[in-house]
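Notes follow once the structure below has been shown.
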Amino acid sequence: MSEEVAILGAGCFWCTEAAFQQIKGVKEVVPGYAGGHVEKPTYQQVCRGNTGHAEVGKITFDPEEVSYAEILEIFFSIHDPTSLNRQGADAGEQYRSVIFYMSPEQEKTAREMIKKMEEEHVYGKPIVTSVEAFTNFFEAEDYHKNYYKNNSREPYCQLVISPKLKKLQKNHPESLKL
């Protein structure tokens with residue numbers, strides 16, 4: 001079995017993790033921080049918005065079961081890629097929409113997908129998702145892992161994550177694990 005990694009920022013990493021854990025071919029989703037200039041940042045440092053990191057999901061997947069393009073299609077469907085440094089009430093550079101590519105092929109796929117969506121006016125507003133070369137990834141603290149699974153009754157999970165999961169189930173039923 002071959003594996004590939006996608007590192008994506010779609011706002012809060014709890015949402016990204018919860019969504020991609022449901023996708024066929026996804027082997028693991030690890031919440032963390034990427035793209036910043038501070039070595040081994042803490043959640044508190046990243047939340048202050050001055051480390052340059054984005055909250056991301058490190059998604060390990062089997063490309064024979066789910067393609068990188070399909071991963072990106074799901075990514076674009078679970079957040080607002082036209083909102084600069086914000087997803088809902090979560091505001092700041094750490095919540096930016098970002099794709100950290102791991103190879104020239106991933107970069108090409110991401111840029112072509114964004115270009116096609118822009119040409120088709122999929123969102124009606126410009127896509128602000130940045131496409132950046134992967135530089136670093138730092139795993140989030142343990143209490144962030146499996147956050148939705150462990151805290152699904154918490155208000156944030158009910159008000160923010162659950163609606164995204166319902167949208168995912170409606171828009172990508174063929175992609176879901178059984």
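Every read-out reported here was derived from the displayed coordinates using simple, explicitly stated rules and does not represent laboratory data. In this text, all values refer to a predicted model and were calculated from it rather than measured experimentally. Note that we place each Cβ from the backbone using ideal geometry, even for glycine, and neighbour counts take in every protein chain shown.
Data overview
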| item | result |
| --- | --- |
| Simple Cβ-charge dipole of the chain, Lys/Arg +1 and Asp/Glu -1, about Cα centre, in debye nearest 20 | 640 |
| Loop sites in region 116-178: GluC sites (Glu not before Pro), DSSP, at most 13 other Cβ within 10 Å | GLU120, GLU141 |
| Reach of LYS116 by Cα under 20 Å, taken over lysines that are not fewer than 8 positions away in the same chain | LYS108, LYS125 |
| Length added when fully stretched, TYR156-GLU3, from 0.36 nm per residue minus Cα-Cα | 51.9 nm |
| Cα-based equivalent ellipsoid of region 1-137: semi-axis lengths in Å, sorted from largest, via gyration tensor | 21, 19, 13 |
| Modelled FRET efficiency - R0 30 Å, THR60 with LYS170, Cβ distances, 0.05 increments | 0.75 |
| Loop trypsin sites (Lys or Arg not before Pro), region 123-177, which have at most 12 other Cβ atoms in a 10 Å radius of their Cβ (DSSP) | ARG153, LYS177 |
| Relative contact order of region 4-175, defined on C-alpha pairs under 8 angstrom at six or more residues apart (%) | 31 |
| C-alpha center-to-center spacing [region 20-89, region 158-178] in angstrom | 16 |
| Selection of trypsin sites (Lys or Arg not before Pro), region 9-106, meeting DSSP coil and at most 14 other Cβ within 10 Å | ARG48 |
| Prolate/oblate/rounded label for region 70-132 (Cα gyration tensor, a/c 1.5) | oblate |
| Efficiency of FRET between SER103 and LYS177 - r from beta-carbon atoms, R0 35 angstrom, step 0.05 | 0.85 |
| ³J(HN,Hα), Karplus 6.51/-1.76/1.60, whole Hz, each residue of region 94-111, x for Gly, Pro | 5, 9, 5, 8, 8, 10, 9, 7, 9, 7, x, 5, 5, 4, 4, 4, 5, 5 |
